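**Student:** So that we are looking at the same thing, I have put the structure below in structure tokens.
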Amino acid sequence: MNSIVGGMCRSWKWNNFILDTGPHIFHTPDKNLWNFWKKNFGHLLIEGKFWAKNTYGDNFKYLYDYPLSYESIKNFPEEYKSKILKEINSLSKNSKKKSTNFHEHVAAQVGPTLTKMFYTDYPKKIWGINTKEMAAEWAPKRIKFRNKILPFFDEYTAVGKHGTGCIYDFLKKKIIKNGGKFFLNHQVTKFKKNRNYISSIYFKNKKKINLKNDTIIISSLPITLTSRLLGFNSNLKFRGVRTIYISINRRRVLPNKCHWIYYPSKNIIFNRISEHKKMTKFVSPKDKTYLSAEITYSKGNKIDKLKFNEIKKIVLRDLVKVGLVKEDEILNFSENKEDFVYPVQFLNYKYELSKANSHMSKFKQIYSLGTGGEFNYADSQILFNKSIDLVDILNNKESEKYQVSKQNYNMELNNVVKLGKNRVGDNDPTYIIAEAGLNHNGSIEIAKRLIVEAKKAGCNAIKFQSFTASSRVSNKVKSVKYSEKADGLQEDIYEMFERLSLNINDTKKIFQFAKKKKIDIFSTPFDEKSVDLLEKLKVKFYKIASVDLVNIPLIEKVAKTFKPVILSTGMSNLSNVEEAVEVFRKIGNKNLILLHCLSSYPANETEMNLRAIDTLKKNFKVPVGLSDHFPGIEISLLSIGLGANIIERHFTLDKNFEGPDHILSSEPEEMKKLVNVAKNSNLIMGNGIKIIQPSEYTVINSQRKSIYASKNIKKNQKISKSNICIKGPGGGILPKYFDLILNKKINKNISKDYPIKWEDI
């Protein structure tokens, strides 16, 4: 609840100062986004390079260049320098790939000494938990070991001329001019729900907004609050920040080439000190400056409970202790408090996040964005890109229900396809593929373990991906969208693929290893050269990913091998699928399998639309399965019941491994459960004819009811409602003949509680 737009990026006035919640920088490697910023609010941006320093222990006089680099380490004190360089040069590439927590990931990247110096106390200070209890995901965001000393963001960078908030004030005016409305100082207390729609929003000031079913809600509320308002209590947690502002009777405080300083020390209350005037001179008077001291807390802890007068005394004490100010230079103090700043990425947070997202996705109108809304500590570039994407989605006029237009084909495709020694079709067990994907983390050892575990679990096949980073994506357009959505990383997509690709020799070894283990192995090629490689390896069949459904040249290349092809259909309508299928008809390759797919990571259960499996079967008369990105196997099991001929699930050794796909993958035990159902799927589904099954005959007499004597009935006495009843077990006349036998004579004495049989009448 605020009177100013911008959320944690807002700015406000305090005496003659403009305050920000932190040193917010507009930075991006994406030239297109940079041009967008410059075009729309370039007059409010000040371009520049921004520098950070770090401290270690309680020696606050020595400032370390940050981010870390080989060049900066050469300037370290001798007691650390040689040891650190030796550790870095001896690091194993596979260690980072195998890391399961923040501590392991960092140690694998910079070695034990640097980990202890900069990446143990500071993260604990920020998130309130031990680094071994933290997921590895945040580490690649900020921890990149460089060759040279460079600015904090070595890309297009700028700050807001009058604080970060001036950008959002400008956007607010633009939105109002275009007919938009703002409801400031409105604290949401309730969502009134009508099935899967939000019909009203209630506020603390007793106001409410009534909504139509097609009203779009874009929310930046913390996901924990949003999910609770929608009826789901999440276990996700945030850390808050108390920012203390100190106005100082001095022009500048921080040293040259330094805009903020990190303080990991346990003996200093604040985490970071920033001087905003060094970013833009317009936030402070000429002869004055101010510092912001950020202090992280958990709701209800000691720091949270400190009164303002108490905390400002501690901040002043520590500012003097670190040598930044003298007590008599201080003019005044102010404070801002934010409860939802840092998402606490504990080891199992992705599971809890997927549960919250899954619940919220049931409500079609609401889109949750921002650090709090997505539980992702994202930079401005990420939020702008996602917002632009959302606008494109909401303005898309293309029909979602295009149907197949061409019906008169000269060639029918096979409704049964053979993959290795297995048949895939409606009368065969569901074929299970363990999708290794990128989950080998670039390690041949992990890849081999995945093969072994997939075989143990009973999977029919294991699948990998074949590509080079340079042929898969451009290294000029540094998009972060995929890795951001899947994993919260800001590693650009080119870097990620380069790190996780397998070379030719490793791929060959993996294929040979799978052959020895007697499990089918195949791959998804992402370029034509990879098809040539796989042909040399004599791959038995192929997979084409959803991203290449519209890549007709690649589809033609693969189809011309005349080997079976599994084609995934995410991000498409039937018209798109039809164009791809037509390639196989023209070439004459009859062995095509389609996979229904929801291309989101992880997938939302309410968007799975599993009945599309049947739609694809009816339209194209080929085997159809599911490429499943849901965190658990529930969706896969349900799709088997709906007739899926094939299931492809991401497979991992450990969901906590660092990497984009592990959280939505199945571990060996879970995959084994799926396989056990799939093996018997054909028998479970049966032939559809409703008959009494053999096992039921043994219980018919014991379970069914029949007609009994409710009292003693003498020979020649008539049957009436007063002397018969219906009870179990069976063995007598069925109850449906109750009225038919009334008034019939009994031909022998029948005692009470004995069944009446036809031969007794």
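**Student:** Which percentage, to the nearest 5, of the DSSP beta bridges contained in the chain is antiparallel?
**Tutor:** Numbers: 59 of 98 bridges.
Bridges in the chain are about 60 percent antiparallel.
**Student:** Per DSSP H run of at least 4 residues, take -39500 (n - 2.57); add these up for the chain, divide by its residues and hand me the 222 nm value, nearest 500 deg cm²/dmol. Don't skip to the end; give the middle numbers.
**Tutor:** Values: 28 runs with 255 residues, N = 761.
Mean residue ellipticity at 222 nm (helix-derived): -9500 deg cm²/dmol.
**Student:** Order of Ile633, Ile521 from fewest to most other C-beta atoms within 10 Å?
**Tutor:** Working: Ile633 19, Ile521 24.
Ordered by Cβ neighbours within 10 Å, fewest first: Ile633, Ile521.
**Student:** What is the packing order of peptides 567-576, 189-198, 279-288, taking the mean over residues of other C-beta atoms within 10 Å and listing the highest first? Mind dumping the intermediate values first?
**Tutor:** Working: 567-576: 18.8, 189-198: 14.1, 279-288: 16.3.
With the highest mean Cβ count within 10 Å placed first, the list reads 567-576, 279-288, 189-198.
**Student:** Continuing with the same structure: Lys/Arg Cβ at +1, Asp/Glu Cβ at -1, dipole of segment 7-205 taken about the Cα centre: which of Phe41, Ile88, His162 is farthest positive-ward?
**Tutor:** Phe41
**Student:** Of Lys13/Lys204; Lys456/Lys515; Lys192/Lys362; Lys266/Lys299, which ones are farther than 23 Å apart at the Cα? Can you show the working numbers first?
**Tutor:** Values: Lys13/Lys204 26 Å; Lys456/Lys515 14 Å; Lys192/Lys362 14 Å; Lys266/Lys299 19 Å.
Pairs exceeding the cut-off: Lys13/Lys204.
**Student:** Going by how many other Cβ atoms sit within 10 Å of their own, how do Tyr62, Tyr542 line up, fewest first?
**Tutor:** Details: Tyr62 12, Tyr542 23.
Ordered from fewest to most neighbouring Cβ atoms within 10 Å, Tyr62, Tyr542 come out as Tyr62, Tyr542.
**Student:** Can you list the aspartates and glutamates whose alpha carbon sits under 19 Å from that of Lys617, skipping same-chain ones fewer than 8 residues off?
**Tutor:** Glu400, Glu412, Asp426, Asp428, Glu578, Glu579, Glu582, Asp628, Glu648
**Student:** Further question on the same structure: Beyond 14 Å, how much of the Cα-Cα pair distribution for segment 305-386 remains, as a whole percent?
**Tutor:** Numbers: 2514 of 3321 pairs.
It works out to 76 percent of all Cα pairs.
**Student:** Continuing with the same structure: Mind listing the long-range amide H neighbours of Val341? Cut-off is under 5 Å, sequence gap 5 or more, other chains count too, H placed in the peptide plane at 1.01 Å from N.
**Tutor:** Arg239, Gly240, Val241
**Student:** While we're looking at this one, here's another question. Among 513-520, 640-647, 543-550, how do they line up from the highest to the lowest mean number of other beta-carbon atoms within 10 Å? Please list the in-between numbers first.
**Tutor:** Values: 513-520: 15.5, 640-647: 23.0, 543-550: 20.0.
The packing order, highest mean first, is 640-647, 543-550, 513-520.
**Student:** Among Ser575, Ala545, Val320, pick out the residue whose Cα is farthest towards the positive end of the charge dipole of the chain, where Lys and Arg carry +1 and Asp and Glu carry -1 on C-beta, about the Cα centre.
**Tutor:** Of the options given, the answer is Ser575.
**Student:** Here's a follow-up. Mind giving me the nanometre distance, one decimal, between the label points for Thr561 and Ile176, set 7 Å out from Cα along Cα→Cβ?
**Tutor:** Modelled inter-label distance: 6.1 nm.
**Student:** Okay, moving on. How long is the gain from Glu634 to Val416 if the chain were fully straight, where each residue apart is worth 0.36 nm and the alpha carbon distance is subtracted?
**Tutor:** Values: separation 218, 0.36 × 218 = 78.48 nm, distance 2.58 nm.
Full-extension gain reported as 75.9 nm.
**Student:** Could I ask something else about it? In segment 737-755, whose amide N lies under 14 Å from the spot 7 Å out along Cα-to-Cβ of Lys714? List them in ranges.
**Tutor:** Taking a point 7 Å out along Cα→Cβ of Lys714, the residues of segment 737-755 whose backbone N falls under 14 Å are 746-751.
**Student:** Sticking with this one: For segment 244-267 and segment 528-570, what is the separation of their Cα centres, given in Å?
**Tutor:** 57 Å
**Student:** Now for a separate question. With a 10 Å Cβ neighbour count serving as the proxy for reagent exposure, in which order, fewest first, do Glu335, Glu137 appear? Don't skip to the answer; put the middle values down first.
**Tutor:** Numbers: Glu335 15, Glu137 23.
If I rank by nearby Cβ atoms, fewest first, I get Glu335, Glu137.
**Student:** Want the number for Lys204 to Gln693: 0.36 nm per residue separation, take away the alpha-carbon distance, what's left?
**Tutor:** On the way: separation 489, 0.36 × 489 = 176.04 nm, distance 6.13 nm.
Once the chain is fully extended between Lys204 and Gln693, it gains 169.9 nm.
**Student:** Ratio of Rg to Rh for the chain, alpha carbon only, Kirkwood? Let's see the in-between values first.
**Tutor:** Values: Rg = 33.2 Å, Rh = 30.4 Å.
Computed over Cα atoms, the ratio is 1.09.
**Student:** Return the distance in nm (one decimal) between the two label points of a simple spin-label model at Lys281 and Lys618, each offset 7 Å from Cα along Cα→Cβ.
**Tutor:** Rounded to a tenth, the inter-label distance reads 7.2 nm.
**Student:** Considering the options His186, Ile750, Phe118, tell which one lies farthest towards the positive end of the dipole of the chain, charges being +1 on Lys and Arg and -1 on Asp and Glu at the Cβ, about the Cα centre.
**Tutor:** Farthest towards the positive pole: Ile750.
**Student:** In addition: Order 458-466, 148-156 from most to least packed using the mean count of other Cβ atoms within 10 Å.
**Tutor:** On the way: 458-466: 23.4, 148-156: 15.8.
Descending mean neighbour count gives 458-466, 148-156.
**Student:** Here's a follow-up. Taking the Cα centre of the chain as origin and charging only Cβ (+1 Lys, Arg; -1 Asp, Glu), how large is the dipole, in debye to the nearest 20?
**Tutor:** 1980 debye
**Student:** Near the amide H of Ile218, under 5 Å away, which other amide H atoms are found, from residues 5 or more places off or on another chain, if H is placed in the peptide plane?
**Tutor:** Tyr367
**Student:** Moving on. To the nearest 20 Debye, how big is the dipole of segment 7-205 about its Cα centre, given +1 on the beta carbon of each Lys and Arg and -1 on that of each Asp and Glu?
**Tutor:** On the way: 36 positive and 16 negative charges, 210 e Å.
Its charge dipole is roughly 1000 debye.
**Student:** Could you tell me the calculated FRET efficiency between Lys193 and Glu667, based on Cβ-Cβ distance and R0 = 35 angstrom, to the nearest 0.05?
**Tutor:** Numbers: r = 35 Å, r/R0 = 1.00.
Efficiency, rounded to the nearest 0.05: 0.50.
**Student:** Can you give me the orientation-averaged projected area of the convex hull built on the Cα atoms of segment 694-760, in nm²?
**Tutor:** Working: hull surface 17.1 nm².
Quarter of the Cα hull surface area: 4.3 nm².
**Student:** Another question, then. Counting pairs of Cα atoms in segment 1-157, how many percent are more than 23 Å apart?
**Tutor:** Working: 6399 of 12246 pairs.
Taking all Cα-Cα pairs of segment 1-157, the fraction more than 23 Å apart is 52 percent.
**Student:** What's the extension gain from Thr606 to Asn676 if we count 0.36 nm per residue and subtract their Cα-Cα distance? If you can, show how the numbers build up before the last one.
**Tutor:** On the way: separation 70, 0.36 × 70 = 25.20 nm, distance 2.57 nm.
Separation in residues times 0.36 nm, less the Cα-Cα distance, equals 22.6 nm.
**Student:** Please check which bits of segment 339-369 a label hung off Asn573 would reach, taking the label as a point 7 Å along Cα-to-C-beta and the cut-off as backbone N under 13 Å.
**Tutor:** Correct set: none at all.
**Student:** Enumerate the lysines that Lys618 could reach by cross-link, defined here as Cα to Cα under 19 Å, with residues fewer than 8 away along the same chain left out.
**Tutor:** Counting by Cα, and skipping residues close in sequence, Lys618 has these lysines nearby: Lys401, Lys406, Lys590.
**Student:** Starting from the Cα of Asp753, step 7 Å along the direction of its Cβ; do the same at Lys721; then give the gap between the two resulting points in nm.
**Tutor:** The answer from the label model is 2.5 nm.
Just so you know, all these numbers are worked out from the coordinates, no wet-lab data involved. On a predicted model such as this, the values are computed, not experimentally measured, just so you know. All Cβ positions, glycine included, derive from the backbone under ideal geometry; neighbour counts span all protein chains shown.
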